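Visitor: Right, I'll just put the structure down here and ask away after.
We did not get these values from a lab; they are worked out from the coordinates using the rules stated. The structure displayed is predicted, hence computed values, not measured ones. Reconstructed Cβ throughout: ideal geometry from the backbone, glycine too, with neighbour counts over all protein chains shown.
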Amino acid sequence: MSNAVAATIQPSAVEKRVADLLGRMTLAEKLGQMNQVSAEGPGAVEALRKAVCEGRIGSVINQVDPSFVNELQRIAVEDSRLGIPLLIGRDVIHGFRTVMPIPLGQAATWNPDVVHAGARVAALEAAAAGVNWTFAPMLDISRDPRWGRIAESLGEDPFLTSRLGTAMVAGFQGADLSVPGCIAACVKHFAGYGASESGRDYATTNIPENELRNVYLPPFRAALDAGAATVMASFSDLNGVPATANRFLMRDILREEWGFGGFVVSDWDSIRQLAVHGLTASDRDSAFEAVLAGVDMDMAGGVYAAQLSALIEDGRVPMEVIDAAVASILRVKFRLGLFDRSYAELQRYPSPSEDDKRRVAHEAARQGIVLLKNDRGLLPLSPEKTRSIAVIGPLADDPYEQLGTWIFDGDPALSVTGLQGIRDLVGNEIEVHHVRALETSRSRSTKSFDGAVQAARASDVVLLFLGEESILSGEAHSRADIGLPGAQAELVRRVHEADKPVVAIIMAGRPLVLTEVIDDLDAVLFAWHPGTMGGTALADLLFGVESPSGKLPVTFPRAVGQIPIYYNQKHGGKPPSPDTAILIDDIPVRAPQTSIGNTSCHLDAGYRPLFPFGHGLSYTTFGYSNLRLSSPQLRSGEALAVSVEITNTGRIAADEVAQLYVRDLVGNVTRPVRELKGFQRVRLAPGEKTTVTFRLDSGDLAFYGRDNTLMTEPGDFQLWVGGSSEAELRAAFRLVRAGTGGTSP
Ligand code: GLC
């Protein structure tokens, strides 16, 4: 049920209280609610006290000192004329003090329960500091790993992002937003930000409406229908109109079509930036464009506070627009219980123990780490066979860097590094030689490489910790070359000379191009930035306490030139295939113009990624068999049961994430070659078999057609079930209109 439906169907007490309060507010007090002010900078504290007392501020951002937050709330509630409490906003993106894996790493768990638990811990820690509003989850579909903010995303797929984004909202907001320890979520950045040209942050996005509706909008719709309280407009220019002034996005879609009843906040100073974009010529015009487009609150820009009253006085902005904006803000404050519980009460609740919080972070890290490669079953290691290991690399023992991007309040002192995790687990049985080898992930000095090679030579196995420092991903941190930074590739080559088995543990905020080094690595664990408990999780996986079970939420390119490359691409009219995709070194000299390929691929990279969406190995193997459908036909309005047997055909108990993909063979618009429509995590003992059943509703096959209306279209479909987007076990079914004999689509 959408927000608005929930709010309008029951003209609840909240609506009456909103209307009553609104009716008593002066224009200045209304505009104050639309003004969020940063609590940073010289003189901010004194200025805040005065402005809050005068009702000129509705929200404060970046203040997490509980005593100061409570002082501001006391002033707002007891000293201001109407006693309207403040929203205290903070980027609690993947943890507050206890840091979870970056959202992309949480997405690799493919586990809504893990994502929910992480957001719950984050909300409880943040609420204790007085925070009642987080600017998360980020739901931008991200198909370009050059973009630094892919780290904050839940990956390239709308279905996975929708499921996990909704779980994160539920973790932040709880079942009842007014319960202490629950904080308002903010789904961002609305919309299409992930399509920034060339992966350069804040760059232009050009997204046809059909693609916007079929790919970029569904996660926002899902999270809002699940009750997300607020939305943040994106910085980006969408088809010539920046999202912050885009009425199509925020009036037509968000309010009219979806019935959203919460409020929209700008991104940081993004209202003023409308003039920088060149959409407007002044702050006044920017305020005009943004408020009419549907931005209800100005984040840290001061433009609404300075310009709106003049726009109202000269009649350019109707009072109804202001009243609607203020009502939506008050509605969220009422939903949060800010008027019914004192701010101090909202910070008092049974908080999980430190051990419980670390357990959540540990499980999230462990389930999100992806085993990309494991030649000759090198992993897991065992103290019986491995007497000594060399732990090498700049990210092996760095409590801060493993936390990842967007960490404002994370405490590195809580971190368990990879080196520490290994020592904790097997330090008494295995000799550990530690060589940092590089000061940072960007260092180019090879002067310590000899020491690294010696340590490798003196050990049975090398654990090479590689990747990116946290600053190399996140906002405004895009990279044009997404290989290993600095001299790390050289370090791999040098260590390889020691002729010992090499396990790479890679920490990064994005997929990296590993093509240059992958052949010199016998096994690869991709750990993203794994957060506080990353080291403990890594040790568990390295030494077989648990088997890796993570699956890629995003495609790993073979070369940066392949980008954008993603699994749910369109088929095209001349699709590549293994025998038509001729690689550059195979082209005969003086081959005639039309003699090779003539299909869609790159001569020097082919058409396949290095690792596909959904990929992730285990220490065991899983067999998929007996794929069965409840019927060869699916009638509109009904559902199909898709079941498959999964067997643990190996010797180790482990989790597997079974994935269901569907293809619509013929559509009113061209349809992707595969689309994720279901996933389930199962645990199987060696030799154990289970039957997994997916429910496929005809509505799951709906898409936006040529006229950009949602439709389901009878016709033939294929489906696959397996352990990655390259699953081979397949079946076919036909979608037929309800009531037909089913003979024709
Ligand atoms: C930013 C980001 C946004 C964040 C906001 C507040 O620039 O784009 O995601 O929530 O500022 O820090």
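Visitor: How many angstrom separate the Cα center of the range 16-73 from the Cα center of the range 493-516?
Guide: The two parts, judged by their Cα centres, are 51 Å apart.
Visitor: How many percent of all Cα-Cα pairs in the range 630-745 sit more than 21 Å apart? List each step's numbers first, then the result.
Guide: Values: 2767 of 6670 pairs.
Counting every Cα pair in the range 630-745, those more than 21 Å apart make up 41 percent.
Visitor: Roughly how compact is the range 271-407, stated as its Cα Rg over 2.2 N^0.38 Å to two decimals?
Guide: Details: Rg = 26.6 Å, N = 137, 2.2 N^0.38 = 14.3 Å.
Computed over Cα atoms of the range 271-407, the ratio equals 1.87.
Visitor: Between Ser198 and Glu46, 0.36 nm times their residue separation minus their Cα-Cα distance comes to what? Before the final figure, lay out the partial values.
Guide: On the way: separation 152, 0.36 × 152 = 54.72 nm, distance 4.33 nm.
Gain on extension, Ser198 to Glu46, equals 50.4 nm.
Visitor: On to the next question. Of the GluC sites (Glu not before Pro) in the range 490-532, which ones lie in a loop per DSSP and count no more than 15 other C-beta atoms within 10 Å?
Guide: Counting only loop positions with at most 15 other Cβ atoms within 10 Å, the GluC sites (Glu not before Pro) in the range 490-532 are Glu497, Glu516.
Visitor: On a full-extension model of 0.36 nm per residue, what is the gain between Asp252 and Asp586, subtracting their alpha-carbon distance, rounded to one decimal in nm?
Guide: On the way: separation 334, 0.36 × 334 = 120.24 nm, distance 5.27 nm.
Separation in residues times 0.36 nm, less the Cα-Cα distance, equals 115.0 nm.
Visitor: Along the Cα-to-C-beta direction of Met711, a point sits 7 Å from the Cα; which residues of the range 661-677 have their amide N less than 12 Å from that point?
Guide: Only 667-670 fall inside the zone, counting backbone N under 12 Å.
Visitor: Another question about this same structure. Can you list residues whose amide H is under 5 Å from His433's amide H, if they're 5+ apart or on another chain and H is modeled 1.01 Å from N?
Guide: Ile389, Ala390, Val391
Visitor: Farthest toward the dipole's positive end in the range 622-736, which of Leu640, Ser724, Thr690, given Cβ charges of +1 (Lys, Arg) and -1 (Asp, Glu) about the Cα centre?
Guide: Value: Thr690.
Visitor: Shifting gears a bit: Amide H of Leu603 versus every other amide H placed in the peptide plane: which residues, excluding those fewer than 5 positions away on the same chain, fall under 5 Å?
Guide: Answer set, sorted by chain and number: none.
Visitor: For a Förster distance of 30 Å, can you work out the FRET efficiency between the beta-carbons of Arg341 and Ser282, rounded to the nearest 0.05?
Guide: Working: r = 42 Å, r/R0 = 1.40.
Result of the calculation: an efficiency of 0.10.
Visitor: Next question, about the same structure. Between the DSSP loop rule and a limit of at most 14 other Cβ atoms within 10 Å, which trypsin sites (Lys or Arg not before Pro) in the range 425-483 are left? Walk me through the numbers on the way to the answer.
Guide: On the way: sites: Arg436, Arg442, Arg444, Lys447, Arg457, Arg479; in loops: Arg436, Arg442, Arg444, Lys447, Arg479.
Filter output for the range 425-483: Arg444, Lys447.
Visitor: Mind listing the long-range amide H neighbours of Glu638? Cut-off is under 5 Å, sequence gap 5 or more, other chains count too, H placed in the peptide plane at 1.01 Å from N.
Guide: Ser698
Visitor: At most 10 other Cβ atoms within 10 Å and a DSSP loop assignment: could you name the GluC sites (Glu not before Pro) in the range 658-742 that fit? Don't skip to the answer; put the middle values down first.
Guide: Details: sites: Glu675, Glu688, Glu726, Glu728; in loops: Glu688, Glu726, Glu728.
When the GluC sites (Glu not before Pro) of the range 658-742 are filtered for loop state and at most 10 Cβ neighbours within 10 Å, Glu728 remain.
Visitor: Let me ask another. Using R₀ = 35 Å, calculate the FRET efficiency as 1/(1 + (r/R₀)^6) where r is the Cβ-Cβ separation of Lys16 and Val321; round to 0.05. Walk me through the numbers before you get to the answer.
Guide: Numbers: r = 22 Å, r/R0 = 0.62.
It comes to 0.95.
Visitor: A further question on this structure: Just want the ordering: Leu292, Leu617, from fewest to most Cβ atoms lying within 10 Å of their own Cβ.
Guide: Details: Leu292 17, Leu617 23.
With the sparsest Cβ surroundings first, the list reads Leu292, Leu617.
Visitor: To check you understand DSSP bridge types, tell me what percent of the beta bridges within the range 365-542 (both residues inside) are antiparallel, rounded to 5.
Guide: 15
Visitor: Go through 58-67, 574-583 and give me the packing order, highest mean Cβ count within 10 Å leading. Show your work: numbers first, answer last.
Guide: Values: 58-67: 19.4, 574-583: 13.8.
The densest-packed peptide leads the list: 58-67, 574-583.
Visitor: Within a Cβ distance under 11 Å of Ile183, other residues only, what is the Lys/Arg minus Asp/Glu net charge?
Guide: Values: positive: Arg90, Arg120; negative: Glu125.
Neighbour charge sum, excluding Ile183 itself: +1.
Visitor: Through the Karplus equation 6.51 cos²θ - 1.76 cosθ + 1.60, θ set to phi - 60°, convert the phi angles of the range 480-492 into ³J(HN,Hα) values in whole Hz; use x for Gly and Pro.
Guide: 7, 10, 10, x, 5, x, x, 9, 5, 5, 5, 4, 4
Visitor: Residue by residue, what Karplus-based ³J(HN,Hα) values in Hz, rounded to whole numbers, does the range 395-407 have, using 6.51, -1.76 and 1.60 with θ = phi - 60° and x for Gly and Pro?
Guide: Working through the residues one at a time gives 10, 6, 9, 10, x, 7, 5, 6, 7, x, 6, 6, 10 Hz.
Visitor: What's the magnitude of the charge dipole for the range 551-696 around its Cα centre, counting Lys and Arg as +1 and Asp and Glu as -1 at the beta-carbon? Answer in Debye, nearest 20.
Guide: Values: 17 positive and 11 negative charges, 67 e Å.
Charge dipole, the range 551-696, about its Cα centre: 320 debye, nearest 20.
Visitor: Rounded to the nearest 500, what is the chain's calculated 222 nm mean residue ellipticity when only DSSP H runs of at least 4 contribute -39500 (n - 2.57) each, over all residues? Intermediate values should be presented prior to the final figure.
Guide: Details: 18 runs with 185 residues, N = 745.
The helix contribution divided over the chain gives -7500 deg cm²/dmol.
Visitor: Here is a follow-up. How many percent of DSSP beta bridges within the chain run antiparallel, rounded to 5? Write down the numbers at each step before the final one.
Guide: Details: 50 of 92 bridges.
If I count the DSSP bridges inside the chain, around 55 percent turn out antiparallel.
Visitor: Among Val462, Ser547, Thr709, which residue has its Cα furthest toward the positive end of the charge dipole of the chain, with +1 on Lys/Arg Cβ and -1 on Asp/Glu Cβ?
Guide: Result: Thr709.
Visitor: What size of dipole, in debye to the nearest 20, comes out for the chain about its Cα centre when the only charges are +1 on Lys and Arg C-beta atoms and -1 on Asp and Glu C-beta atoms? Each step should come with its number before you reach the end.
Guide: Details: 71 positive and 89 negative charges, 234 e Å.
Taking the Cα centre of the chain as origin, the dipole is about 1120 debye.
Visitor: Arranged by the count of other C-beta atoms within 10 angstrom, fewest first, what order do Ile329, Ile471 take? The partial results should precede the final answer.
Guide: Values: Ile329 25, Ile471 15.
Fewest-to-most Cβ neighbours within 10 Å comes out as Ile471, Ile329.
Visitor: Does a label point 7 Å from the Cα of Ser577, set along Cα-to-beta-carbon, have any residues of the range 656-675 with amide nitrogen under 20 Å, and which are they?
Guide: Taking a point 7 Å out along Cα→Cβ of Ser577, the residues of the range 656-675 whose backbone N falls under 20 Å are 663-666, 671-674.
Visitor: Oh, and also: What is the local net charge at Val231, summed over the other residues whose Cβ is closer than 15 Å to its Cβ (Lys, Arg +1; Asp, Glu -1)? Let's see the in-between values first.
Guide: Details: positive: Lys188, Arg221, Arg247, Arg251, Arg255, Arg331, Arg335; negative: Asp140, Asp225, Asp252, Glu256, Glu257, Asp267, Asp296, Asp298.
Taking every other residue near Val231 into account, the sum is -1.
Visitor: Same structure, new question: Below 8 Å between Cα atoms, with a sequence gap of 6+, how large is the relative contact order for the range 365-542 in percent?
Guide: On the way: 386 pairs, mean separation 64.0, N = 178.
About 36 percent, as a whole number.
Visitor: Can I ask one more? What Kirkwood hydrodynamic radius do you get for the range 373-461 when you take the inverse of the mean 1/r over all pairs of distinct Cα atoms, in Å?
Guide: Details: mean 1/r = 0.0685 Å⁻¹.
Kirkwood radius, the range 373-461: 14.6 Å.
Visitor: On to the next question. What does the highest-first list of 529-540, 697-708 look like by mean Cβ count within 10 Å?
Guide: On the way: 529-540: 28.6, 697-708: 15.8.
So the order, starting with the most tightly packed, is 529-540, 697-708.
Visitor: Sketch the reach of a paramagnetic label on Asp355 as a point 7 Å from Cα along Cα-to-Cβ, and name the residues of the range 92-130 whose backbone nitrogen lies under 20 Å away.
Guide: Within reach of a label on Asp355: 98-99, 118, 121-122, 125.
Visitor: Moving on to the next point. Apply the Karplus parameterisation 6.51 cos²θ - 1.76 cosθ + 1.60, with θ equal to phi minus 60°, to every residue of the range 316-322 and state each ³J(HN,Hα) to the nearest whole Hz, in sequence, with x for glycine and proline.
Guide: Computed from phi, the couplings for the range 316-322 are 6, 10, x, 4, 4, 5, 5 Hz.
Visitor: If you build the Cα gyration tensor of the range 365-542 and take the root of 5 times each eigenvalue, what three semi-axes come out, in whole angstrom, biggest first? Don't jump to the answer; show the numbers that get you there.
Guide: Numbers: eigenvalues 105, 72, 44 Å².
Semi-axes, largest first: 23, 19, 15 Å.
Visitor: Related question: Please report Rg (one decimal) and Dmax (integer) in Å for the Cα set of the chain.
Guide: Every Cα atom of the chain included, Rg and Dmax give 26.7, 84 Å.
Visitor: Full-extension gain between Val545 and Asn668, please, as 0.36 nm times their residue separation minus the C-alpha to C-alpha distance.
Guide: Numbers: separation 123, 0.36 × 123 = 44.28 nm, distance 5.00 nm.
Taking Val545 through Asn668 to full extension adds about 39.3 nm, to one decimal.
Visitor: Also, I was wondering about something else. Over the chain, what relative contact order in percent results from Cα pairs under 8 Å that are six or more residues apart?
Guide: Numbers: 1853 pairs, mean separation 96.3, N = 745.
Taking the mean separation of contacting Cα pairs over the length of the chain, I get 13 percent.
Visitor: Hey, another quick one. What is the Å³ per residue value for the convex hull set by the Cα atoms of the range 346-409? List each step's numbers first, then the result.
Guide: Values: hull volume 11.0 nm³, N = 64.
Once divided by residue count, the hull of the range 346-409 is 171 Å³.
Visitor: Moving on. Pull up the DSSP beta bridges for the range 622-736 and report the antiparallel fraction as a percent, rounded to 5. Don't skip to the answer; put the middle values down first.
Guide: Working: 39 of 42 bridges.
Bridges in the range 622-736 are about 95 percent antiparallel.
Visitor: If R₀ is 25 angstrom, what is the calculated FRET efficiency for the pair Ala738 and Ser625, using the beta carbon separation as r and rounding to 0.05? It would help to have the intermediate numbers written out before the result.
Guide: On the way: r = 32 Å, r/R0 = 1.30.
With a Förster radius of 25 Å, E is 0.15.
Visitor: Counting pairs of alpha carbon atoms under 8 Å apart in space and at least six apart in sequence, what relative contact order in percent does the range 511-602 give? Don't jump to the answer; show the numbers that get you there.
Guide: On the way: 48 pairs, mean separation 25.0, N = 92.
Reported as a whole number, the value is 27 percent.
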